[in-house]
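Structure first, then comments.
Here, each number is a calculation from the coordinates, and none is a lab measurement. Worth saying up front: this structure is predicted, and the values here are computed from it rather than measured. Counting neighbours? That spans all protein chains shown, and the Cβs are built from the backbone with ideal geometry, glycine included.
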Amino acid sequence: MSGHPWLVCGVAGLQLSPEERALLQALQPGGVILFTRNLQSPAQAQDLVASLRELPGSPYVAVDLEGGRVNRLRALIGELPSPQELSRYGEEAARALGEACGAACAALGINVDLAPVVDVAGEASFLAEEGRCWGHSVADVARLAGAFLSGLESFGVAGCLKHFPGLGSGAVDSHRELPLLGDEVKLQREAFGQLASPERAVMVAHALAPALGEAVAPASLSRKIVSLVPGEVGLIMADDVEMGALAAWGSLEERAAAALVAGCHQVLLCNALEARQAVADYVDFWAEKDPALAAALERASFRVSRFARGTVSPVSWAEAQERAAEVRMRWGKA
């Protein structure tokens with residue numbers, strides 16, 4: 001296996017330094033995820049994305065662009081209404097948001113959007129409090145998140161269903177603590193099954209789901225839970241292993257290896273840039289000694305090689321801005 005297709009990592013700034021370029025050329029990650037620290041202007045972002053896509057292994061370039069609170073392109077396209085705000089207007093509004101996100105990503109060369117949230121909002125859901133959920137029922141979430149995906153994918157941008165098996169009953173933010181999911185998750189996970197397809201990824205949450213038969217390990221590190229991800233999806237990724245929810249689960253290196261053995265095809269390492277090489281080296285080392293990890297890497301390499309390999313639509317930045325402005329004008333955030 002060449003490189004580290006199982007790794008999705010962040011980068012430091014607005015352009016690659018010679019040292020970082022050399023590191024990425026050696027690592028050959030399967031994907032690179034961008035944040036606000038990486039995105040200053042359309043021209044700068046296009047140049048950075050082009051330099052990333054040209055790296056050995058041709059990693060995909062991803063961003064979190066949900067609308068509302070989670071909008072890494074805010075400095076470029078402005079505010080966007082949240083899924084919660086748009087849910088009252090139905091599928092037309094949801095598709096329009098997906099089109100705005102797809103156009104913005106395509107215009108920059110970004111080919112994966114880590115959206116939509118497919119978590120069904122519960123009464124105490126931290127995600128619902130942030131306006132990130134599309135509804136309070138499986139039917140509403142599947143319908144509206146599906147419309148968002150239709151808009152996004154119309155520009156050749158792949159989507160990611162998150163956060164399996166569903167954080168809707170989680171009362172605490174997994175960035176800081178480990179959520180405990182209630183019995184509702186047995187029903188809520190059905191939204192993922194309704195939206196699963198080979199062109200889409202699924203992101204697995206760091207959360208405990210005893211109702212699904214796993215009372216010890218977080219979902220992202222549990223073979224039991226990862227095995228429940230619908231088989232039709234193109235790729236399974238673990239959420240950022242730096243999150244506080246995994247504080248009791250060893251080092252970053254150990255968490256990454258555990259997620260891969262559990263059945264995830266990729267692992268996010270977003271901000272601990274100094275750990276990129278160490279995490280890769282650790283997984284390489286143990287893959288030579290652990291047949292289960294070696295087999296997991298082979299599966300990951302195959303899945304990543306087939307994901308997000310299409311070409312995004314040719315879109316001008318002016319069109320992307322127009323679509324974002326139209327969503328704001330018609331449905332809020334004007």
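Sequentially through segment 297-310, phi angles give Karplus couplings (6.51, -1.76, 1.60; θ = phi - 60°) of 5, 5, 4, 4, 4, 5, 5, 5, 5, 9, 9, 6, 9, x Hz, Gly and Pro residues having no value and appearing as x. Phi angles of segment 256-262 translate, via the Karplus equation with coefficients 6.51, -1.76, 1.60 and θ = phi - 60°, into HN-Hα couplings of 4, 4, 5, 5, 5, 5, 5 Hz per residue; Gly and Pro are given as x.
Comparing Cα centroids, segment 136-173 and segment 56-87 end up 13 angstrom apart.
Between Leu161 and Ala201, Val202, Met203, the built amide H atoms are under 5 Å apart, and every one of these is 5 or more places off in sequence or on another chain. Take every Cα pair under 8 Å whose residues are at least 6 apart in sequence, average their separation, divide by the length of segment 111-203, and the relative contact order is 36 percent. DSSP beta bridges confined to segment 4-327 are antiparallel in about 10 percent of cases. Relative contact order of the chain, taken over Cα pairs closer than 8 Å and 6 or more residues apart, is 19 percent. Around the Cα centre of the chain, unit charges on the Cβ atoms of Lys, Arg, Asp and Glu (plus for the first two, minus for the last two) sum to a dipole of about 380 debye.
Given C-alpha coordinates of segment 4-327, what is the ratio Rg to Rh with the Kirkwood estimate of Rh?
Numbers: Rg = 18.3 Å, Rh = 19.4 Å.
A ratio of 0.94.
The HN-Hα couplings worked out from phi for segment 68-74 by the Karplus form 6.51 cos²θ - 1.76 cosθ + 1.60 (θ = phi - 60°) are x, 4, 9, 8, 6, 9, 3 Hz, whole numbers, x standing for Gly and Pro.
Give, as ranges by residue number, the residues of segment 95-124 whose backbone N falls under 20 Å from the point 7 Å along Cα→Cβ of Asp183. The answer is 120-124, whose backbone nitrogens lie closer than 20 Å to the label point.
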